[in-house]
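Read the structure below first, then the notes.
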Amino acid sequence: MNFDPRVTPARPDLAASFLQGKISAARFVEGELREVVEAQAPVRREPRPDASLDTEALKGERVMLYDTTEDGWAWVQLQNDRYVGWMPLSALAAPGPAPTHRVTALRAPVLLGASIKMPMLESLPLGATLALLRTEGRFGITAYGCYVPLVHVAPLQERDSDFVAVAERFVGMPYVWGGKTSLGLDCSALVQLSLTACGIACPRDSDMQEAALGRPVAVAGDLSGVRRGDLVFWKGHVAIVRDERHLLHANGFHMAVAIEPIREALARFAADGNPVTSVKRL
């Protein structure tokens, strides 16, 4: 059987116990559930600060911990999208109360008290989750006694209805390979964050998204026939159709999330020998 190493917690020396009998490994272990307690935490390919950033985990996210190093790295599998990698052990703690709310603003300030004049303790990215125990005026009080403006969060059961509108809020935010917040994000993170905000499960990488999302639609070579919300895929890239003439995507050419005429994007990718591989409609 072939297992994608990006979403399979297995190494030659160690693997998750649920994989026993399916793969070969020197040792199999039960994972330990942990919670991300930093606003965002890097998930890297190797246990080094200079290793490639594959993705980020957001505050409140649960991970399964399988291994640690003496110098403070944790080998984990994220529970939301199943991604596997190394993250700082300091970003993890035993799970607290189950999350009740998610962050809906690009960044939500966490304050020391119920006043906009109180010191900010941290800033949570869109998609982070937290447990609010009660409210005080315009603020929700977290399980750890901190205060979050209610206007910046929503109950988990409340979802956005237009994922393109969610993605549009990131326009101008910087492009960062592996990033997953308004401080920097990549093309597939933009799609994942926007769809997740609408309650639609979405894998992390663009090739996974192309395989898993929507149904193929036939359009002309100039993409005439696409409509808002279609996803356009190239090898290693994905863009969201904003309207019949424009794409919305995080990309290295603009080094930002940008709205770009379809014809210009097609010409640039064609010049690089990278044709459209599919258009998917949700």
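The values are calculated or read from the model by the stated rules, or taken from the named source; none is laboratory data. Keep in mind it's a predicted model, so treat the numbers as computed, not measured. Positions of Cβ are backbone-derived with ideal geometry, glycine not excepted, and every protein chain shown enters the neighbour counts. SASA here: full protein model, heavy atoms, side chains in, ligands and nucleic acids out. Shrake-Rupley method; radii C 1.70, N 1.55, O 1.52, S 1.80 Å.
Values computed for the structure shown
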quantity	calculated
Members of region 174-221 found to be in contact with a helix residue (DSSP H, G or I) (Cβ under 7 Å, 6 or more places away or on another chain) and more than 21 Å from ALA105 (Cβ to Cβ), listed by number	CYS187, SER188, PRO203, ARG204, ASP205, SER206, GLN209
GLY60 surrounded by 15 or more Cβ atoms within 10 Å (Cβ to Cβ), in a loop (DSSP other than H, G, I, E, B) and in contact (Cβ under 8 Å) with a residue 24 or more places away in the chain	yes
Failed item, numbered, when ASP81 is tested on (1) of a type in the set (Asp, Glu); (2) surrounded by 18 or more Cβ atoms within 10 Å (Cβ to Cβ); (3) without any contact (Cβ under 8 Å) to a residue 24 or more places away in the chain	(3)
Any pair with Cβ under 8 angstrom, 6 or more apart, that starts in region 256-270 at a residue that is closer than 19 Å to LEU185 by Cα and without any contact (Cβ under 8 Å) to a residue 24 or more places away in the chain and ends at one that is open to solvent by 30 Å² or more (accessible area, probe 1.4 Å) and in a strand (DSSP E or B)	GLU260/HIS246
From GLU35, GLU70, residue being without any contact (Cβ under 8 Å) to a residue 40 or more places away in the chain, out of contact with any helix residue (DSSP H, G or I) (no Cβ under 9 Å at 6 or more places or on another chain), over 24 Å from ASP186 (Cβ atoms) and of a type in the set (D, E, K, R)	GLU70
Top-ranked residue of region 8-38 - restricted to ones that are more than 26 Å from the chain's Cα centre (by Cα) and charged (D, E, K, R), ranked as least open to solvent (accessible area, probe 1.4 Å)	ASP13
In region 37-84, the residues that are small (Gly, Ala, Ser) and at positive phi	GLY60, GLY72
Any hit, region 191-202, residues being over 16 Å from the mean Cα position of the chain (by Cα) and at pLDDT 95 or above	no
Of residues in region 65-78 being closer than 26 Å to GLN209 by Cβ and over 17 Å from the mean Cα position of the chain (by Cα), the one most open to solvent (accessible area, probe 1.4 Å)	TYR66
Enumeration of residues in region 230-266 that are part of a strand (DSSP E or B), charged (D, E, K, R) and open to solvent by 10 Å² or more (accessible area, probe 1.4 Å)	ARG242, ASP243
